[in-house]
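Report on the following structure.
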Amino acid sequence: MPTQAADITVSAQGLSRRFGAHTAVNNVSIELKRGEILGFLGPNGAGKTTTMQMLTGNLAPTSGAISICGIDLFERPIAAKARIGYLPEHPPLYRELTVREYLDLAARLHRVPNARRAAALDDALTRCGLTDVSKKLIGTLSKGYQQRTGIAQAIVHRPDVVILDEPTVGLDPNQIREIRSLIHELGASYSVILSTHILPEVEGVCDRVQILHQGATVFSDIIAGLKEFHGNRTLLLGLKLPPAIDEIARVNGVAGVEPAGEKLFRVSFAGDIDPSEELARRAVEQSWGLFQLTPTQSSLEDVFVQLTRKEELS
Amino acid sequence: MIFAIARKELKTLFTSPMAWAVLTFMQLILAYFFLRRVQDYMEIQAQLIQMPNPPGVTELVIAPLYLTIVTMMLFVVPLLTMRLIAEERRNQTMVFLISAPLSMTQIVIGKFTGLTAFLLLIIGITTLMPLSLLLAGQLDFGLLASLSGGVALLAACFVAIGLYASCLTVHPFIAAVVSFCILLALLLAGDAAVDGLKARGWTIAAALAQVLSPFKNFEPFSKGVIDSYAIACLLLLIVLFLILTIRRLDAARLRG
């Protein structure tokens, strides 16, 4: 099955989708390699779900092209869809079927040959931790198990690409951890696209992140690139007896100081010189009453807020 | 693939009380009707013998039985078809089928096949009633075959119409009302239109109107006549509504 061109599993160019006058997705391009996990991030209504619906053939784009493992989704939809596993935002479960019956149906519809079907079912059940509940009706399962059943139907036919739309919504923290580790496992054998608005999820699981805002891509890079993007780093400094702001600003390495609440200062610095040590020494020498000195996390959250807010202002 | 979807539809039907209730009530009512007819026949048998060319038991007992099935299907089929697509869209499980490597045609024909198979089961079980008369006498097998074949075609027709109604809305109940209305309109207007046009001598228009008149097309079957034009009309109506359904669902994918 793997061919030379199979390296790139999902390639979407210039996807746009309009609903009447409203543009839900505007010129979004996605490229995904085998074994990569792409985090699809954005505030509610950013166009994540619309994009995923287009990638899975549930919605026709207004313009743009999609190919899955080199197969054009519009020219050969059946061949292309056979390589995708999709878990929509609302898991499409038949409550009146048992977990096994449902997965059996999913496998049949995805043309898993009769001889391999039983093994494929067992594999999906084991991977998603559903073996114990395989004979239960889906309608009687808890939300966490239903979500896992949803993931199981997306992987039962061993697709090249797994697309998961907000797989951890509505789960308790334990279930979220389980689902995350499951996604991490999936990343080893499949290409995964994961949409979410939970930031630590992306940082914890994904190799790459693409941030959507108002239908357009505002950021797309590997996770490591985030730190560089957010070049300026900051410290939070708390002093019981603060001196004049200028005095702090004069400390070696400090690029800027601004008040951040009562007796708190946000100290920013650029480059390699970290002024923390110097600040602490000064504070002790001159009895500023130091009670807090913490580096602010330079995280996806900053980038996210920065990008999505900036747009709102402009 | 079509078979896999048909299988799923049958499974869903039989996990709901609806299928069992429909099977039970239809059999009860039809059995009662059948026995009444048999009793009436026994009472007038003495007079029939004196007639020069008396109608047989098949014409007097069994033909009305099949007409009763048709009347009951008018109410029952909309109830069975209403969920086919409306409920899938409502529960957002339609995505499951659309994301699978299937064409819309396969999905629609699969659903159509599943429910038609269920109705064939009802017709099949009902046919056992007339067959039980073989214990006591002879049957006109030609008429019996034409009756059950005609009812089966008509049932498929109703399913196609119900399927189309089911894709128009996400509320199953509204789908049932819509398909019942379409069936009723075809029953009333179709017959009248065909007769009216024929009376004026517009034969081509009448022939076209006959396509939209499934009940008119059932008439020859009930007399034991195999009318190839009537069969063609019924098949055409089935194909027409299936195509409408497919197009409608494909359009939903474009519209979003």
Hits in the range B:85-111 (condition: among the polar types (S, T, N, Q) and over 24 Å from the mean Cα position of the chain (by Cα)) | B:ASN91, B:GLN92, B:THR93, B:SER99, B:SER103
When residues of the range B:128-171 are filtered for being under 15 Å from the mean Cα position of the chain (by Cα) and within 30 Å of B:MET42 (Cα to Cα), how many remain?
-> 7
In the range A:35-51, is there at least one residue being crowded, with 22+ Cβ neighbours inside 10 Å, over 25 Å from B:THR12 (Cα atoms), within 13 Å of chain B (Cβ to nearest Cβ) and in contact with a helix residue (DSSP H, G or I) (Cβ under 7 Å, 6 or more places away or on another chain)?
-> no
Here are B:PRO17, B:PRO52: which of them is within 14 Å of chain A (Cβ to nearest Cβ) and exposed (fewer than 15 other Cβ atoms within 10 Å of the Cβ)?
-> B:PRO17
Which residues, taken from the range B:47-98, are closer than 30 Å to A:ALA82 by Cβ and either free of Cβ contacts under 8 Å to residues at least 24 places away in the same chain or of a type in the set (S, T, N, Q) (or both)?
-> B:THR81, B:GLU88, B:ASN91, B:GLN92, B:THR93, B:MET94, B:VAL95, B:PHE96
Within the range A:75-111, how many residues turn out to be away from chain B (no Cβ under 11 Å) and assigned to a loop (DSSP other than H, G, I, E, B)?
-> 1
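Filter the range A:68-87 down to the residues that are of a type in the set (Lys, Arg) and surrounded by 16 or more Cβ atoms within 10 Å (Cβ to Cβ) and list them by number. Before you say what the answer is, go through the steps one by one.
Applying the first criterion (of a type in the set (Lys, Arg)) to the range A:68-87 yields A:76, A:81, A:83.
The answer is A:LYS81, A:ARG83.
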Within the range A:55-74, of all residues that are free of Cβ contacts under 8 Å to residues at least 40 places away in the same chain and assigned to a strand (DSSP E or B), the one farthest from the other protein chains (Cβ to nearest Cβ) is A:ASP72
Any residue in the range A:235-246 that is modelled with pLDDT under 80, within 30 Å of A:VAL284 (Cβ to Cβ) and either out of contact with any Lys or Arg (no Cβ under 6 Å at 6 or more places or on another chain) or charged (D, E, K, R) (or both)?
-> yes
A:SER298, sole failed condition from (1) assigned to a helix (DSSP H, G or I); (2) at pLDDT below 70; (3) surrounded by 12 or more Cβ atoms within 10 Å (Cβ to Cβ) = (1)
Of the criteria (1) free of Cβ contacts under 8 Å to residues at least 60 places away in the same chain; (2) of a type in the set (Gly, Ala, Ser); (3) more than 27 Å from B:SER228 (Cβ to Cβ), which one B:ALA205 fails = (3)
Residue list for the range A:236-281, filter: polar (S, T, N, Q) and exposed (fewer than 14 other Cβ atoms within 10 Å of the Cβ) = A:ASN252
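The values are calculated or read from the model by the stated rules, or taken from the named source; none is laboratory data. All of these numbers come straight from a predicted model, not from anything done at the bench. Glycine gets a Cβ as well: all are built from the backbone with ideal geometry, and neighbour counts include every protein chain shown.
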